[in-house]
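So the structure is just underneath, and the comments pick up after that.
The values are calculated or read from the model by the stated rules, or taken from the named source; none is laboratory data. Everything numeric here is computed off the predicted structure, so don't read it as measured data. Heads up, the Cβs are rebuilt from the backbone with ideal geometry, glycines too, and the neighbour counts pull from every protein chain shown.
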Ligand code: GAF
């Protein structure tokens with residue numbers, strides 16, 4: 001895909017581009033914890049967005065998207081929210097301009113194989129790839145965390161999703177065969193190997209994509225903040241659910257709407273679960289790690305209410321299979337994928353089983369992606385020929 005994108009760029013714009021590969025992500029455990037100052041355990045994967053970019057010495061940007069086969073042009077003096085995929089790029093440019101970083105006209109081809117709305121964070125890949133490309137072309141000298149924060153702010157301001165930092169962080173910091181434990185408050189993180197050669201990370205796409213996903217996501221965030229406010233009356237030092245205990249939450253239970261209580265209950269438990277799960281993973285205890293993944297799914301489904309019948313069905317199928325260590329809905333939810341840890345030599349059987357049962361139940365076949373853990377955003381400078 002990288003070579004094809006480069007060729008298409010040369011065909012359209014008749015010059016050599018800078019190539020940038022920007023991956024999607026998985027998250028092993030720690031869902032909806034990032035915007036509560038908790039922990040997450042993501043990794044970058046082999047699914048990716050590819051950019052070919054070069055400056056054009058004009059005040060206009062021309063972006064050709066391979067996935068829709070359309071070219072969008074916009075002036076850098078009029079960067080404003082615009083419906084469609086271009087909004088993610090515009091949001092990034094707006095953030096760079098807001099920070100006083102120079103942006104001049106460029107030509108660009110964007111391609112990719114991250115399924116949209118599947119919970120693998122195609123949007124963070126679009127954002128991170130563009131920040132890294134422009135950082136290289138304009139020599140901003142941004143570090144990877146600064147790039148991630150720019151992508152996150154772009155997502156808040158243009159598409160309007162008040163996301164946490166996990167997706168942009170994972171996209172820019174990924175390392176081959178390593179997972180990352182990120183403390184979303186301090187932004188400190190550590191890498192450690194995901195070394196289970198007998199297991200594969202298998203993503204099963206429910207093929208459900210709820211249009212309410214982003215508005216409901218923002219509602220979840222508000223509900224967490226409402227819970228924190230109530231707890232603060234008794235415990236002023238609590239700044240986020242990261243600082244709260246179940247006892248503190250129970251003290252204010254009667255004052256909270258039941259749903260707000262449930263949301264906070266899930267998050268407090270999940271933040272603890274990520275820490276326990278990390279210890280298990282480092283010990284190589286995939287079975288108990290998997291049990292925690294199922295517990296996360298239960299919480300996301302019953303308390304946080306970001307699952308759907310199709311995702312619950314996929315996880316229930318996983319539970320019945322010996323070759324699966326654990327499974328759960330991955331990412332923001334309301335559709336998208338489940339993440340499954342599956343015995344490598346049984347992956348084919350498992351996929352056939354899931355696809356036929358899902359087909360019988362819902363009349364559609366889930367796409368399945370057997371992923372590998374890869375490096376984060378890679379910038380490949382143009383080779384200069386002498
Ligand atoms: C989405 C968001 F973008 C992340 O920040 C995170 O909150 C995730 O949902 C849920 O864990 O991917």
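The condition (being within 16 Å of the ligand (Cβ to nearest atom) and surrounded by 24 or more Cβ atoms within 10 Å (Cβ to Cβ)) is satisfied by just one residue among 133, 170: 170. Note on the stretch 332-386: residues that are at positive phi and in contact with a strand residue (DSSP E or B) (Cβ under 6 Å, 6 or more places away or on another chain) amount to 1. With respect to being at pLDDT 95 or above, under 25 Å from the mean Cα position of the chain (by Cα) and within 21 Å of residue 136 (Cβ to Cβ), residue 52 fits the description. Tallying residues that are in contact (Cβ under 8 Å) with a residue 12 or more places away in the chain and away from the ligand (no atom under 16 Å from the Cβ) within the stretch 29-70 yields 21. Every condition in (1) assigned to a helix (DSSP H, G or I); (2) within 16 Å of the ligand (Cβ to nearest atom) is met by residue 352 except one, and the failing one is (2). When each of 377, 370, 347 is tested for being in contact (Cβ under 8 Å) with a residue 12 or more places away in the chain, out of contact with any helix residue (DSSP H, G or I) (no Cβ under 8 Å at 6 or more places or on another chain) and away from the ligand (no atom under 16 Å from the Cβ), the lone residue that passes is 347. Of note, residue 147 satisfies the criterion of being within 16 Å of the ligand (Cβ to nearest atom), under 16 Å from the mean Cα position of the chain (by Cα) and over 24 Å from residue 306 (Cβ atoms).
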